[in-house]
Amino acid sequence: MDFNATLRNIFVEENDIPQEFSLPGLIHQREYLSNGAMKTWDGPVHEVYSPICIKTENGLERKLIGSYPVCTAAEADESLDAAVAAYNNGRGEWPTMGVAERIHCVEQFTGRMIEQKDIIVKLIMWEIGKSFADSVKEFDRTVEYIYATIDSLKNLDRDSSGFDIVDGIAAQVRRSPLGVVLCMGPFNYPLNETFTTLIPALIMGNTILFKPPKFGTLLHYPLQEAFRDCFPKGVVNIIYGRGNTIVPGLMQSGKINVLTLIGSSKVANELKKQHPKVNRLRAVLGLDAKNAAIVTSNADIELAVKEIILGSLSFNGQRCTALKIVWVHRSIADEFLKKFSAAVAQLRFGMPWEKGVSLTPLPETNKIEYLDSCIADAVAHGASVVNENGGGSEGSFFYPAVVYPVNSKMKLYHEEQFGPIVPVVPFDDLEETIEFLIESTHGQQVSIFSNDADEVASLIDPLVNQVSRVNINTQCQRGPDVFPFTGRKDSAEGTLSVADAIRAFSIRSLVAFKMNETNKQLINEIVHEDTSNFLSTKFIF
Ligand code: G3H
């Protein structure tokens, strides 16, 4: 069988979709949450086609799984007004609520979210083509992240429940919310990465406008009623519509206090510029990256291959942290490429529900043309695909291509391919790799593969000032989620992690007073009578 026939055969006919992984039916969403109510939409809708194609008599066709509202700027503005009213200049029920009560609301929401696990996991798989096993992991990791955020906030609150006394002035320092947060997540981790900003923003007392990603939209539908029931009216609003139609107006209103986006630096740049009061806007951003692996002549090649396979091809290379370019010392390049290509050939490809599958169909409709164009450009500049069947495609599936030797004339050297192509660049002098990172517009992470301590040390010091995480003999990754996740240059703004995120979405405020008898009595009265949620010595256990 030729390889294209093999690729076509990974897809199945409608009747051969295993029952336990099927959706309960078409999901035609016609309601959206705004100002504490589910509003009915009878305007235009977007039809959702899965990256999973079905074999039909007309060939492979993406399967229709449902549709969702394409609202206009008018509906987005109504939701903005609702979020502004719920915040009420910091005087709303939610921003003034005690921390323990806010935590209770988030716990209730998480319980309701867990009840929806089955449908959400299936929708992750059907909407973005992530393997079922990884879709389950994404869900579980998100729930763990929420519980870790709650614990972290409890610790922060305990640490803030006393008074500091310096130079005769006493103060209680706590963190307060910032206002209305516009939250947008990416398609590759549509639940997890969205919630790693949305939940910390919410729990700190902000009000939310949440725009689900372009792919991975329907999976948020089962959570709307939980948001409605667990939080006061207008605290969480979910907006639907074309980003370029509804988001610019929200920014131009000047009523957004925080923009949080996991996505492209180009979009972030454009949106920030729309805000009339740039100094009032805080941005918490996770953006593009072109993380490099550097495999030196002293590397353990087997280990490097194993880690770089994971780093470059997990979820088909569609991770912001993916290794997107591999520098290999020329003296070991042939051996590396041989072993790497053999390891690619071992990867199981197929439908996302198959056990052990690691390569699956791609959600973006024009992606395969783009990946083909990257390969054509590399070939035109002297490289070739070195692994068997590399770059083959059928329907929405693209088989990984290892491209060598890549140089600075090629798109693959500069662009974030965000897909299953592994560009490999030979080098003679480690200085070439440092120069690449200096000149790169990105600065998220790097992976160094070497067993020579002096060599590793000589790379660590220059590279920690180019990127935000240097991994030694280990692939690039975001986790563990308690570690700081950030980047330099066009890769990020602000730092996310369980503990950092609750700080990113809040500001320190303090109540201070001179320690005279009148003030001491006054403050004691407030604390004893429990008349302020902020000025309080209550301790959350
Ligand atoms: O897409 C970017 C994600 O933050 C990557 O997370 O490294 O855990 O896959 P991960």
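The values are calculated or read from the model by the stated rules, or taken from the named source; none is laboratory data. What you are looking at is a predicted structure, and each value in this text was computed from that prediction instead of being measured. Backbone-built Cβ (ideal geometry, glycine too); neighbour counts: all protein chains shown. Surface accessibility is based on the protein's heavy atoms, side chains included, excluding ligands, DNA and RNA. Shrake-Rupley method; radii C 1.70, N 1.55, O 1.52, S 1.80 Å.
Points to keep in mind about this one:
- Residue-wise HN-Hα couplings along region 466-482, as the Karplus relation 6.51 cos²θ - 1.76 cosθ + 1.60 with θ = phi - 60° gives them from phi, are 9, 10, 9, 8, 10, 9, 9, 6, 8, 5, 6, 6, 7, x, x, 5, 7 Hz; Gly and Pro carry x.
- Put simply, when 409-416, 395-402, 237-244 are sorted by average Cβ atoms within 10 angstrom per residue, most first, you get 395-402, 237-244, 409-416.
- Percent carbon-and-sulfur accessible area, the chain, ignoring ligands, DNA and RNA, probe 1.4 Å: 49 percent
- Kirkwood hydrodynamic radius of the chain, from the reciprocal of the average inverse Cα-Cα distance over all distinct pairs: 25.0 Å.
- Cα gyration tensor, region 74-286 - rounded (a/c under 1.5), prolate or oblate: oblate
- Euclidean distance of C-alpha centroids, region 334-402 and region 286-325, integer Å: 15 Å
- Inter-part distance where region 158-222 and region 1-33 are each reduced to a Cα centre, Å: 36 Å
- DSSP beta bridge pairing in the chain, given as percent antiparallel to the nearest 5: 45 percent
- Segments 181-189, 474-482, 326-334 sorted - mean Cβ within 10 Å per residue, highest first: 181-189, 326-334, 474-482
- Listed by chain and number, the lysines whose C-alpha is less than 29 Å from the C-alpha of K338, apart from same-chain residues fewer than 8 away, are K130, K290, K306, K324, K355, K367, K409, K411.
- Compactness of region 371-428, taken as the C-alpha radius of gyration over 2.2 N^0.38 Å, stands at 1.04.
- Quarter the surface of the alpha carbon convex hull of region 291-484 and you get the mean projected area, 10.8 square nanometres.
- Per-residue ellipticity at 222 nm, computed for the chain from helices alone with -39500 (n - 2.57) per DSSP H run of at least four residues, works out to -12000 deg cm²/dmol.
- Relative to the current alpha-carbon distance between T537 and N155, full extension at 0.36 nm per residue lengthens the span by 136.1 nm.
- Probe 1.4 Å, protein heavy atoms only - accessible area per residue of region 205-356 in square angstrom: 36 Å²
- Length available on full extension from N88 to V379: 0.36 nm per residue minus the Cα-Cα distance, which gives 98.9 nm.
- From most to least packed by mean Cβ count within 10 Å, the peptides 112-123, 486-497 give 486-497, 112-123.
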